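So the structure is just underneath, and the comments pick up after that.
Nothing in this text is a laboratory measurement; each read-out follows from the coordinates by a stated rule. All figures in this text were calculated on a predicted structure; none of them were measured in a lab. FYI the Cβ positions are ideal-geometry reconstructions off the backbone, even for glycines, and counts take in every protein chain you see.
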Amino acid sequence: RSSRAKAIRSASTRFWQRWKKVRAAAGELNSLLIEDIQGNRLINSFALKDQEKKRFKEHKEMLDGLKKGDKVVTAGGLLGTIETIDDASDEVVLDMGHGTKVSALRSTIHQKHDKKSGTAKKEDNKADKKKDDKK
């Protein structure tokens, strides 16, 4: 019995010693993975912030360049023509057609609505593709 008990204790001791080594190695690997993930997050956050700043700057330039007669799309999806711009209150009066006028904040204007941007461009591309397919 005693030799068997000694063998079991010895095997148990070896198991726990190996287990400690495995846990230590796993901890080192885990820390390396965490550092790698944090580095990637840092790089991605800088890249995304630069893109966001660029879009914000372009949108601000578009808003500053608005003038009477521009066709615009609001963030709510309303289409209208700018009738007046009040710089003091930052409001824009839009003519929606059929005598309907809406007052909106300048910041709610999403984009200018012309053939260079918006849905008209997408529809033109679809029409061009259909023409090419028929040929």
Legend entry - Per residue Cα convex hull volume in Å³ - calculated over segment 1-121: 221
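Note the full-extension length gain between Q17 and M62 as 0.36 nm times their separation in residues minus their Cα-Cα distance, in nm to one decimal.
Numbers: separation 45, 0.36 × 45 = 16.20 nm, distance 6.74 nm.
9.5 nm is the gain from fully extending Q17 to M62.
Among K67, K49, what is the fewest-to-most ranking by other Cβ atoms within 10 Å?
Working: K67 7, K49 10.
Fewest-to-most Cβ neighbours within 10 Å comes out as K67, K49.
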